[in-house]
Amino acid sequence: MIVKNSLALLLFLLLNALLCAHGYSQENIAFRYPIIPKPAVLTPESGSFTLTKNTRIVFAKANPDVKRVADFLLQMIENSEGYQLCYGKLNEKNNVILFETDNSITNEEGYKLFIQPQRVLISFKNAKGAFLAVQTLRQLMPPSIEKKNAGVKKISVPVVAIEDAPRFSYRGFLLDVSRHFFSIDFLKRYIDLMAFYKYNVFHLHLNDDQGWRIEIKKYPKLQQISAWRKETQVGFRTDTPKRYDGTPHGGFYTQKELKDLVKYASDRFVTIIPEIDFPGHSQAVLAAYPQLGCKDSVYTVSTGWGVHKDILCPKEETFRFLEDVLSEVIAIFPSHYIHIGGDEVPKDRWKESPYCQDMIKKLGLNGENGLQSYFIRRMEKFLNDKGRDVIGWDEILQGGLAPNATVMSWHGDKPATEAAALKHYVIMTPTTFTYINYYQTPKTSEIEPLANKGIVTLQKAYSYNPVPSTLQPGDDKYILGVQASLWTEYVPSEQNALLMAFPRACALSEVGWTSLKNKDYKDFTDRLSRNLLHLDALGVGYANYDQK
Ligand code: TNX
């Protein structure tokens, strides 16, 4: 212990000595190394490495995944500089960027980045780490690197030694493409931005009451009917009288487009987790296939917001429908996880339905909550048999959790604590810290576009600790990570989505990546002010509100 402490002290003194020698204050360091999320260990040094046309990329051992990472770097340089770097030989020691595996790195996403005046050394356990190191390197480059044909010619990066690994393995970003449809090109742009901030999961919310967005070959009416709504409510959800824009809205992604998107994301080491939300949030499905509801009724794709009472009925026909849909979904998305929703399921229709009441009795279920649990368990079993695991919103705790489900907690610490106590994995996306569809300043609607009610300031998002203090001892291992969630009732355009997402997504990337002891809001905002120049160069219109 004493040895360990003295060693830590020695390291601290050494680091301080280094800092003094080079005269770097904390602010200088933030300015010189504006990296977000903040790396685990960063040792500043004076001097720089300059990348030119003659810089060579060298692999200690060729591997197709690492080659993919190097190609990403190559492409980035080519885009902005117009020249292509060449691959060099192992014996080249100067003016090289060297990629090599390092067995001492234990984290799958861990990496080391040593920038020295003569060369850059990137070491990693596997290619994911190499990719993340390249993102760090990119953040140290002049922001013009993001621009097409910037023509800087000499790209200087500051000398540094970085050893890095994430705090959490799940660092997600949700986009709701149902309430508003976003183009595939925009999704790609969103993925690029995720990768830049070391997010590794893109949670794609593909259906809701207001629209179905994925082509399902067996059920063409999902494309023909469920994907389109007549018009969209304008103003806030509860405004009276309700007003509508009179403009049809909709769209869907073809399977081919989605497969291409999966590949695009995987080239950036981002996993897409698709969500098919049921049995609630299904009015758009019922508009096309009314026989899957409990009432003999005509349904339309919803044009307004809020929780809807018309949900799927647990008939055999419904289960067959969902199994068919999920079979097509898993053929597109190779992710280990499939998200099956399960949130906000009003039980009115099940209460009124003699069929449901009979089913509850016959199966000895504990009321409607028991029926919901039966529904989710059955679909979980189907997916487990296909080798996939499910994620569900925390309402899946009601009536008993499906045996292998991972819980996505949007209601905060309570459901997370409950799920972890049951030895289930948990992903944290509480409304109070991570809902980036909420206003971002206390002035709310005076200066911001209409949003879901609630305020999540940049500082609030930054302050979040995804490990609830209410967990029982030892249960923190069940917290897989954290997710920034962008619901889009009030996000009608790409421009709007970026305004809502950034810079809060930068703060949340640090929540997911950086250890608690390395987090400091002032230091974060110092780095952010320079880091945002990259977003400027990328033409991302992030929010820039006075935070007071
Ligand atoms: C709750 S979070 C929802 C969404 C809404 C969101 C608005 C969750 C699982 N359900 O359907 O878009 O609130 O903030």
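The values are calculated or read from the model by the stated rules, or taken from the named source; none is laboratory data. What you are looking at is a predicted structure, and each value in this text was computed from that prediction instead of being measured. Cβ sites come from the backbone with ideal geometry, for glycine too, and all protein chains shown count toward neighbours. Side chains included, ligands, DNA and RNA excluded: accessible areas come from the protein's heavy atoms. Shrake-Rupley method; radii C 1.70, N 1.55, O 1.52, S 1.80 Å.
The listed residues are Glu231, Glu257, and the only one of them that is farther than 27 Å from Arg378 by Cα and in a loop (DSSP other than H, G, I, E, B) turns out to be Glu231. Residues in the stretch 424-440 that are out of contact with any Lys or Arg (no Cβ under 9 Å at 6 or more places or on another chain), within 13 Å of the ligand (Cβ to nearest atom) and either in contact (Cβ under 8 Å) with a residue 40 or more places away in the chain or within 23 Å of Pro334 (Cα to Cα) (or both): Ile427, Met428, Thr429, Tyr435, Asn437.
Of the strands (runs of 3 or more DSSP E) lying entirely inside the stretch 390-475, those containing at least 2 residues that are not β-branched (Val, Ile, Thr) span 406-409, 452-455. Could you tell me whether Ser485 is away from the ligand (no atom under 16 Å from the Cβ) and at pLDDT 95 or above? So Ser485 does not fit the description; no. Can you pull out the residues in the stretch 262-303 that are away from the ligand (no atom under 16 Å from the Cβ) and open to solvent by less than 30 Å² (accessible area, probe 1.4 Å)? Matches in the stretch 262-303: Val262, Ala265, Val270, Ile272, Leu286, Ala287, Ala288, Tyr289, Leu292, Gly293, Tyr299. Among all positions in the stretch 412-423, there is no residue which is within 25 Å of Leu535 (Cβ to Cβ) and more than 14 Å from the ligand (Cβ to nearest atom). Looking only at residues in the stretch 310-330 that are open to solvent by 10 Å² or more (accessible area, probe 1.4 Å) and over 28 Å from Val426 (Cβ atoms), the one that is nearest to the ligand (Cβ to nearest atom) is Asp310.
From the list Leu508, Leu450, Leu458, the lone residue that is touching a strand residue (DSSP E or B) at 6+ places or on another chain (Cβ under 6 Å), touching a residue at least 60 places away in the same chain (Cβ under 8 Å) and in the same structural domain as Val201 (by TED's automatic domain parsing) is Leu508.
Could you list all residues from the stretch 141-169 that are buried (at least 22 other Cβ atoms within 10 Å of the Cβ) and under 13 Å from Arg32 (Cα atoms)? Of everything in the stretch 141-169, just one residue is buried (at least 22 other Cβ atoms within 10 Å of the Cβ) and under 13 Å from Arg32 (Cα atoms), namely Val160. The set of residues in the stretch 290-312 being among the β-branched types (Val, Ile, Thr) and in contact with a Ser or Thr (Cβ under 8 Å, 6 or more places away or on another chain) consists of Val301, Thr303, Ile311. In the stretch 410-447, what residues are crowded, with 23+ Cβ neighbours inside 10 Å and either among the small types (Gly, Ala, Ser) or not assigned by TED's automatic domain parsing to the domain that holds Gly474 (or both)? Across the stretch 410-447, the qualifying residues are Ala416, Ala419, Ala420. For the stretch 237-250, filtering for residues that are out of contact with any strand residue (DSSP E or B) (no Cβ under 8 Å at 6 or more places or on another chain) and either surrounded by 13 or more Cβ atoms within 10 Å (Cβ to Cβ) or in a strand (DSSP E or B) (or both) leaves 1.
Among the residues of the stretch 491-501, those that are out of contact with any helix residue (DSSP H, G or I) (no Cβ under 6 Å at 6 or more places or on another chain) and either part of a helix (DSSP H, G or I) or buried (at least 23 other Cβ atoms within 10 Å of the Cβ) (or both) comprise Gln495, Asn496, Ala497, Leu498, Leu499, Met500, Ala501. Looking at this structure, is Gly474 away from the ligand (no atom under 16 Å from the Cβ) and either crowded, with 22+ Cβ neighbours inside 10 Å or within 23 Å of Thr271 (Cβ to Cβ) (or both)? Considered against the rule, which asks whether it is away from the ligand (no atom under 16 Å from the Cβ) and either crowded, with 22+ Cβ neighbours inside 10 Å or within 23 Å of Thr271 (Cβ to Cβ) (or both), Gly474 comes out as no.
Output yes when any residue across the stretch 462-470 is within 13 Å of the ligand (Cβ to nearest atom) and within 18 Å of the chain's Cα centre (by Cα), and no when none is. No: zero hits.
Only one of these is within 16 Å of the ligand (Cβ to nearest atom), among the aliphatic types (A, V, I, L, M) and open to solvent by 60 Å² or more (accessible area, probe 1.4 Å): Val407, Val390, Val307, Val345. Name it. Unique residue meeting the criteria: Val307. Asp208 is checked against (1) out of contact with any Asp or Glu (no Cβ under 8 Å at 6 or more places or on another chain); (2) in contact (Cβ under 8 Å) with a residue 24 or more places away in the chain and fails just one. What number does that condition carry? The one condition Asp208 does not meet is (1). None of Val456, Val467, Val511 is on the phi < 0 side of the Ramachandran plot and touching a Pro at 6+ places or on another chain (Cβ under 8 Å) except Val511.
Here is the figure for the stretch 287-329: residues that are without any contact (Cβ under 8 Å) to a residue 24 or more places away in the chain and in contact with a strand residue (DSSP E or B) (Cβ under 8 Å, 6 or more places away or on another chain) total 0. Among the residues of the stretch 175-194, some residue qualifies, meaning at least one is acidic (Asp, Glu) and not in a strand (DSSP E or B). If you take the residues of the stretch 202-231 that are within 16 Å of the ligand (Cβ to nearest atom) and within 13 Å of the chain's Cα centre (by Cα), which of them is farthest from Phe131 (Cα to Cα)? Among those residues, the one meeting the criterion is His205.
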